[in-house]
Amino acid sequence: MLAGMQTRRSFLTSPLALAAQPAAPPRSLKRHIPTHPLAITMWDFSWLERRWPGAGYEDWDLALDELKARGYDAVRIDAYPHLVHFNPTRTWELLPQWNTQDWGAPARCRVQVQPALNQFIAKCKQRQISVGLSTWFRQDIDDHRLKITSPELLGQAWKSTLDSIDPSLRDNILYVDLCNEFPLTVFAAFLPEKLRRASPEGVRWMRTPIDLLRAAHPQYDYTFSITNQYDTWRDEDVSMHDFLEPHLWMTHFSDFYTKLGYNYERFDPKGYDNLALHGERLYRENKAHWHDRLKHGIDFLAEWSKTVNKPLITTECWAVVDYKDFPLLNWDWILELCDLGTRHAAAHGRWIAISTSNFCGPQFRGMWRETAWHQQMTKIIHSARLPAW
């Protein structure tokens, strides 16, 4: 009996037996990106919050048809994991993240995450548009986001959310980004003050929830999107990420915003007044310099990708961080920078999904109406080579 068990065990671990076993199915990114990079856009929490007449997302069918016509393959949205975790079908009242920006609602609004999340994913699947799940941890009137007091609870919130997705729709999930621009507390208010990703505590907040999710939902690829602390990249442990999702603009590696007097004001028009009065002039006075700064930042991301041997996805990018349809704000110079950034990133061959900007949504009418421009950019993205990953 014992000899028979040993013989069977030896057979099961032999090279011949291992070769005969079926290979594990590829995870979500490999399934969705077999031959060329995807053109991706960010619809953040706007997809659910901006549904009043004229807000851009009141008709999902129209918005998604227009996205597909522009050549895009994927969309990144807020899945509201903390709200799903505490009650997926409750009607939540949310406070505004800002009133200066056109992402999300500029005043109080009410949302019901499920079944809306499943309904939206289903409409995307009908059009062969993959869905990346992320979160900005929107603040409800009772501030349930502050109940996420540990990395374990962060993982549990996301597990509840992934469990809530209809099994027939799970193959349309491109990836899961556990926190937008980690560790900015403007989005993740529950994090310890001044948390550094390169610290042991920063690693714990990333690794623990990803390990929990991999055990529960191994079919997905996981990451934390980022936009700061790039100075310590060589010391940062990114081994828990399946890919890097950095956000980068020309303003990251330049003093453009300092010269302009723009300070990310969320409830004050001062920053936009300075942007409207001086932004385009400042850009055109030294265009070559600002172009060089943007290319320098993209080159840096490509170097990081090569060094750690992880592919890149970027969903927010290239020109300035904040913009909208507003008096004295022309879109021409924004389109120039986004054209340059898209082309330069595509030429590196390190990206598996590339956005053309963070303004690629129907509420930004000055950019959305440029259908031919979008089609040209998405064609460039689709023509780029993939990294060996």
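The values are calculated or read from the model by the stated rules, or taken from the named source; none is laboratory data. Predicted, not measured: the structure shown is a model, and the values here were computed from it. Reconstructed Cβ throughout: ideal geometry from the backbone, glycine too, with neighbour counts over all protein chains shown.
Side notes on the structure shown:
- Segment 199-227, residues that are part of a loop (DSSP other than H, G, I, E, B) and surrounded by 17 or more Cβ atoms within 10 Å (Cβ to Cβ): Ser199, His217, Tyr220, Asp221, Phe224, Thr227
- Tally of residues being without any contact (Cβ under 8 Å) to a residue 24 or more places away in the chain and either in contact with an Asp or Glu (Cβ under 9 Å, 6 or more places away or on another chain) or not in a helix (DSSP H, G or I) (or both) across segment 343-375: 1
- Residues that are among the hydrophobic types (A, V, I, L, M, F, W, C) and in contact with a helix residue (DSSP H, G or I) (Cβ under 7 Å, 6 or more places away or on another chain) within segment 171-181 comprise Ile173, Leu174, Val176, Leu178, listed in sequence order.
- Only residues that are aliphatic (A, V, I, L, M), buried (at least 23 other Cβ atoms within 10 Å of the Cβ) and either assigned to a loop (DSSP other than H, G, I, E, B) or touching a helix residue (DSSP H, G or I) at 6+ places or on another chain (Cβ under 8 Å) (or both) were counted in segment 36-62, giving 3.
- Criterion: crowded, with 20+ Cβ neighbours inside 10 Å, at pLDDT 95 or above and closer than 30 Å to Glu336 by Cα - qualifying residue of Tyr230, Tyr262: Tyr262
- Within segment 283-305, residues that are farther than 13 Å from Phe253 by Cβ have Cβ atoms under 9 Å from residues that are of a type in the set (Lys, Arg) and loosely packed, with under 14 Cβ neighbours inside 10 Å in these pairs: Trp304/Arg234, counting only partners at least 6 apart in sequence or on another chain.
- The one condition in (1) touching a Cys at 6+ places or on another chain (Cβ under 7 Å); (2) surrounded by fewer than 17 Cβ atoms within 10 Å (Cβ to Cβ) that Lys194 fails to fulfil: (1)
- Being charged (D, E, K, R), at pLDDT 95 or above and in contact with a strand residue (DSSP E or B) (Cβ under 7 Å, 6 or more places away or on another chain) is a condition met by at least one residue of segment 158-177.
- The residues of segment 279-328 that are among the aromatic types (Phe, Trp, Tyr) and either touching a Ser or Thr at 6+ places or on another chain (Cβ under 7 Å) or part of a helix (DSSP H, G or I) (or both), listed by number, are Tyr283, Trp290, Phe300, Trp304, Trp318.
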